[in-house]
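Below: one structure, written as structure tokens.
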Amino acid sequence: MRSNRLGLAAVAIGCGLTACGGGGGASGNGSAAAGAAQARQTTALLTEAFGPNPKAVSGVVSGTINIAVRGIPRFAKPIALTTSGPFTDAGATSLPDSDQQVSIDGYGAGMTTSADKVFFDIGTAAYAVPRAQVGLMTQAASTAHNGLMRAVGAFDIRPDLWVKAPRLVGTTTLAGVDVDHISAGIDTARVFLDASRFTHFLTSLQVTQLAGLPQEIGPAAQAALVRSVTSAGGDLYIGASDHVLREARMHIALTMSPSDRKLLGGIAGLSVDAELDVSQVDQPQTITVLSQRLPYHDAYLLLRGAAYKNRTPAERGE
């Protein structure tokens, strides 16, 4: 059984710029002052990580998200989404140049963005994504405030809007870089809104249909998902010297009531685990579009053929 209301949650973790938590439970003027100072430091870190930041102009991003569904045999195995590749943002347009290798539930392709054009890369050919879908990506990216956030924001990944009550934990080291560690809760209503938009984008490209994945998350389904959340939290790690996001993690667990299970097509429970990593920060990146250019419809035909071959005889109606 397939649910048409469960969408793919978008890849990333982060903290918002509002609802910053101080040192709860502090007593005495000294403790209160220390808590207020920590809250200001947390806010400043997030403002620089998610706002204009000249060091966040280029790098390599890689993300993974695993969605485990309980209650529907069709989704006995977790749904997996991965992406990895370089980006560079000249600042002249709202859609950074990037070259991502994307895989959704085992179906993979490259996606290259250059000069506000987007291509699916399959084999030796680049297939031009239609203007309408490029517009969706451009609009999604245009509201972010630095190159890194625009690069992930093009896919409706907005970590700056997802988190509530962030708390500065301390300092550690990741891949030889000193980073500040922030822990926070997750604004799940915003997460599932962005997941709905991302699912709409994939459906407009017929990717969800080809992979046999759900095609939308409507408002009623979003509300049901939000009220089914039993736990949600995340961590992010921001460069101590340049204040560029280096790593983010998120976990959301859900258990559905009988009425919401019916609304969501039989889903009894759901867990989302995601991670975003950023490396080679502020280093030159080369983005090259394949020279052979073909229309997107040709890519769809290739993907449809591959999807058909990967289906079981029962799924093919044999």
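Within the stretch 223-243, if we keep just the residues that are under 17 Å from the mean Cα position of the chain (by Cα) and not hydroxyl-bearing (S, T, Y), the residue that is surrounded by the most Cβ atoms within 10 Å (Cβ to Cβ) turns out to be L236.
Residues that are small (G, A, S) and free of Cβ contacts under 8 Å to residues at least 12 places away in the same chain were ranked within the stretch 146-180; the one that is farthest from V134 (Cα to Cα) is G170.
Comparison of A223, A195 shows that the only residue that is in a helix (DSSP H, G or I), without any contact (Cβ under 8 Å) to a residue 40 or more places away in the chain and out of contact with any helix residue (DSSP H, G or I) (no Cβ under 7 Å at 6 or more places or on another chain) is A223.
Where strands (runs of 3 or more DSSP E) sit wholly within the stretch 94-163, those with at least 1 residues that are under 13 Å from the mean Cα position of the chain (by Cα) occupy 97-104. Of all the listed residues (V163, V179, V169, V207), the sole one being modelled with pLDDT under 90, more than 30 Å from R304 (Cβ to Cβ) and hydrophobic (A, V, I, L, M, F, W, C) is V163. Restricting attention to the stretch 268-285, the residues that are in contact with a Lys or Arg (Cβ under 6 Å, 6 or more places away or on another chain) and within 30 Å of P219 (Cβ to Cβ) add up to 3. Only one of the numbered conditions (1) touching a residue at least 60 places away in the same chain (Cβ under 8 Å); (2) under 17 Å from the mean Cα position of the chain (by Cα); (3) within 27 Å of A76 (Cα to Cα) is not met by Q206, and that is (2).
The values are calculated or read from the model by the stated rules, or taken from the named source; none is laboratory data. Because the structure is predicted, anything quoted here is derived from the model rather than measured. In this analysis, Cβ positions are derived from the backbone assuming ideal geometry, glycine residues included, and neighbour counts consider all displayed protein chains.
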